[in-house]
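Here, each number is a calculation from the coordinates, and none is a lab measurement. None of the values given here were measured: they were computed from a predicted structure. Heads up, the Cβs are rebuilt from the backbone with ideal geometry, glycines too, and the neighbour counts pull from every protein chain shown.
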């Protein structure tokens with residue numbers, strides 16, 4: 001299995017997880033918290049082959065189950081990082097992701113996370129993994145390109161970013177790192193669809209997930225959806241028909257929602273809804289974005305497994321959150337499979 005890790009995603013999560021326990025109140029300590037969080041997260045995911053720490057039956061991830069299923073084995077490990085600012089998407093929609101740049105906490109701590117990523121990239125020279133990174137390039141696009149170019153029949157992406165859910169199919173699964181949940185075709189509706197007031201998922205075809213996001217928008221990226229459409233209404237619309245059907249015939253929305261919605265109908269009638277959807281598809285469609293990277297070689301940095309240097313680095317950096325022998329065994333297995 002190919003495991004692709006959303007590097008910035010786990011770097012920030014690791015930083016926030018360790019900052020307070022480590023008492024990181026100086027620039028040096030903050031940078032160290034970010035580096036330790038990122039390193040421990042990446043190697044922990046490699047050790048568990050992209051599985052949760054423990055599954056519902058209480059066994060350790062990667063072990064054979066009571067039903068005789070073979071444990072997953074990593075054939076390759078890829079870590080992708082953002083670098084700079086998302087200029088391509090801002091060329092389409094200038095406010096894209098600008099909200100985080102007005103967040104004092106993000107701006108204060110970004111320098112420490114970026115420095116940790118640079119240090120990890122140097123460390124990765126001794127690890128059996130590939131780092132993908134490019135100036136003013138988003139990790140999402142590189143990850144999507146890596147997925148589509150991979151020869152492996154089993155690919156897993158480790159990230160909390162919901163945009164990756166559009167890639168789920170019989171070959172691609174997602175490990176949601178915060179929820180500690182693997183999302184694939186078998187549990188997609190339960191895990192990815194929003195829930196109504198009765199806590200039941202509002203199920204729509206998995207293939208319409210991109211349009212679900214395009215219709216409802218993404219506040220974390222400062223990206224509005226169709227006026228009047230939230231996650232529940234988007235799910236109800238897409239459960240009943242493809243999104244383009246409503247753009248062509250506004251009257252269908254009331255039938256799908258069980259009531260009229262003046263804001264939605266006005267947005268469709270004025271053409272605002274179509275413009276919003278077309279823009280959001282351009283920004284959110286990871287399959288489309290992957291076409292911009294037909295050759296990942298210029299963005300790739302290949303590491304070569306050096307067990308002695310890794311052991312020395314773990315000792316020097318005092319990386320106590322890892323089981324050293326388990327980590328060495330997992331990384332050695334990946335190196336042998338590459």
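Our summary gives the chain a relative contact order of 22 percent, counting only alpha carbon pairs under 8 angstrom and 6 or more residues apart. As a proxy for reagent exposure, 172, 314 were ordered by neighbouring Cβ count within 10 angstrom, fewest first; the result is 314, 172. Counting every other Cβ atom within 10 Å of each residue's Cβ, 12, 305 order from fewest to most as 305, 12. Compared with the dominant principal axis of the Cα atoms in the chain, helix 231-240 is inclined by about 70°.
Among 103, 285, 184, the largest mean-square fluctuation in a Gaussian network model of the chain (Cα springs under 10 Å) belongs to 103. For region 126-179, the relative contact order comes to 28 percent (Cα pairs under 8 Å, sequence separation of at least 6). The long axis of helix 104-123 is offset from the longest Cα principal axis of the chain by roughly 50 degrees. Rounded if a/c is under 1.5, else prolate if a/b beats b/c, else oblate: with a ≥ b ≥ c from the C-alpha gyration tensor eigenvalues square-rooted, which is region 206-284? Since a/c reaches 1.5 and a/b is larger than b/c, the shape of region 206-284 is classed as prolate. Spin-label pair residue 312-residue 196: with each label point 7 Å from Cα along the Cα-Cβ axis, the two points sit 6.3 nm from one another. Rank 289, 200, 254 by mean-square fluctuation in a GNM of the chain with C-alpha springs under 10 angstrom and give only the top-ranked residue. Looking only at 289, 200, 254, the largest GNM fluctuation is found for 200. Taken along its three principal axes, the alpha carbon spread of region 210-338 comes to 67, 33, 25 Å, from the longest extent down to the shortest. How far, in degrees from 0 to 90, does helix 139-149 lean away from the longest principal axis of the Cα atoms of the chain, to the nearest 10? On a 0 to 90 degree scale, this one is about 90.
The Cα-based radius of gyration of the chain, divided by its Kirkwood radius, gives an Rg/Rh of 0.99.
Springs between alpha-carbon pairs under 10 angstrom, Gaussian network model over the chain: which of 50, 303, 23 fluctuates most? Comparing 50, 303, 23 in the GNM, the peak value goes to 23.
Counting alpha carbon pairs within less than 8 Å and at least 6 residues apart, what relative contact order, in whole percent, applies to region 175-310? Write out the running numbers ahead of the final one.
Values: 135 pairs, mean separation 26.8, N = 136.
Once normalised by length, the contact order is 20 percent.
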